[in-house]
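Only one structure is covered here, and it is reproduced in the block below.
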Amino acid sequence: MLTADTLSRSLRRISHEILERNASRLQDLALVGILTRGVPLARRIGDNIRRFEGLEVPVGSLDITLHRDDLADEEPEVRGSEIPFEVAGRVVVLVDDVLYTGRTVRAAIDALMERGRPAAIQLAILVDRGHRELPIRADYVGKNIPTAPEERVQVSLAETDGEDGVVIVE
């Protein structure tokens, strides 16, 4: 579905869109990647913004494990968040690889709000596959890929998997 080149192009476009939408408040901008694959995507967007504008946007990582609603009977593995900046008053762009039901994003918003009250929360997603269960919509989308509920979107990133790409798995 997405090759390394199209994935990179999508992230560059998302980076430009973030800059355009937030032009009047770039000094308040921060990126927070949702563990696991949202973190390298957030870093790449931050690198793009630095190359395009010379602006160093702070990047953090968010562990949503304790906010998920599907782990009630399991012993969750908490990896920990790393947000080296104040969230309060910032425009925080949450970054993740795939948007599906919306439950991950809901958990991320809950986890982020525990750290302070941002001026705004925006959502950047590499792949939107549809099938929402909650009223959540991404502000920035790399690619809309309609899928069947039984299919899975597999995102591979060089940082975590050794190569970039997106495929649909039956």
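The values are calculated or read from the model by the stated rules, or taken from the named source; none is laboratory data. Everything quoted here is computed from the prediction, not taken from an experiment. Glycine also receives a Cβ, built like all others from the backbone with ideal geometry; neighbour counts cover every protein chain displayed. Protein only, heavy atoms only, side chains kept; ligands, DNA and RNA dropped before computing areas. Shrake-Rupley method; radii C 1.70, N 1.55, O 1.52, S 1.80 Å.
Which one of His67, Thr36, Val91 is farthest out on the positive end of the charge dipole of the stretch 12-95, using unit charges on Cβ (Lys, Arg +1; Asp, Glu -1) and the Cα centre as origin?
Val91
Whole angstrom only: what separates the Cα centroid of the stretch 111-170 from the Cα centroid of the stretch 9-66?
Between the Cα centres of the stretch 111-170 and the stretch 9-66 lies a distance of 14 Å.
What number comes out for accessible area per residue over the stretch 21-99 if the probe is 1.4 Å? Units Å², please.
On the way: 3970 Å² over 79 residues.
About 50 Å² of surface per residue is accessible.
Would you mind calculating the gained length between Glu17 and Arg50 on full extension (0.36 nm times residue separation, minus the Cα-Cα distance), in nm to one decimal? Could you put the intermediate results ahead of the total?
Working: separation 33, 0.36 × 33 = 11.88 nm, distance 1.41 nm.
Stretched out fully, the Glu17 to Arg50 stretch lengthens by 10.5 nm.
Suppose we keep just the alpha-carbon trace of the stretch 7-67; what are its Rg and Dmax in angstrom?
11.8, 36
With a 10 Å radius around each residue's Cβ, average the other Cβ atoms per peptide and rank 77-87, 121-131, highest first.
Details: 77-87: 13.1, 121-131: 21.4.
Sorting 77-87, 121-131 by mean packing, highest first, produces 121-131, 77-87.
Under the Kirkwood approximation for Rh and a Cα-based Rg, what ratio Rg/Rh is obtained for the stretch 54-170? Write down the numbers at each step before the final one.
Numbers: Rg = 15.1 Å, Rh = 15.7 Å.
Here the Rg-to-Rh quotient is 0.96.
Which value, in debye to the nearest 20, describes the size of the charge dipole of the chain about its Cα centre when Lys and Arg Cβ atoms bear +1, Asp and Glu Cβ atoms bear -1, and nothing else is charged?
Values: 22 positive and 30 negative charges, 168 e Å.
Roughly 800 debye for the chain.
So if I place +1 on the C-beta of Lys and Arg and -1 on the C-beta of Asp and Glu, and nothing else carries charge, what would the dipole magnitude of the stretch 1-60 be about its Cα centre? I want it in debye, nearest 20.
Details: 10 positive and 7 negative charges, 32 e Å.
That gives the stretch 1-60 a dipole magnitude of about 160 debye.
Quote to one decimal, in nm, the extra length available between Ile168 and Met1 on full extension: 0.36 nm per residue of separation minus the C-alpha distance between them.
Between Ile168 and Met1, full extension yields an extra 59.4 nm.
At a 1.4 Å probe, what is the % contribution of carbon and sulfur to the accessible area of the chain? If you can, show how the numbers build up before the last one.
Working: 3900 of 8740 Å².
Of all accessible area on the chain, carbon and sulfur atoms account for 45 percent.
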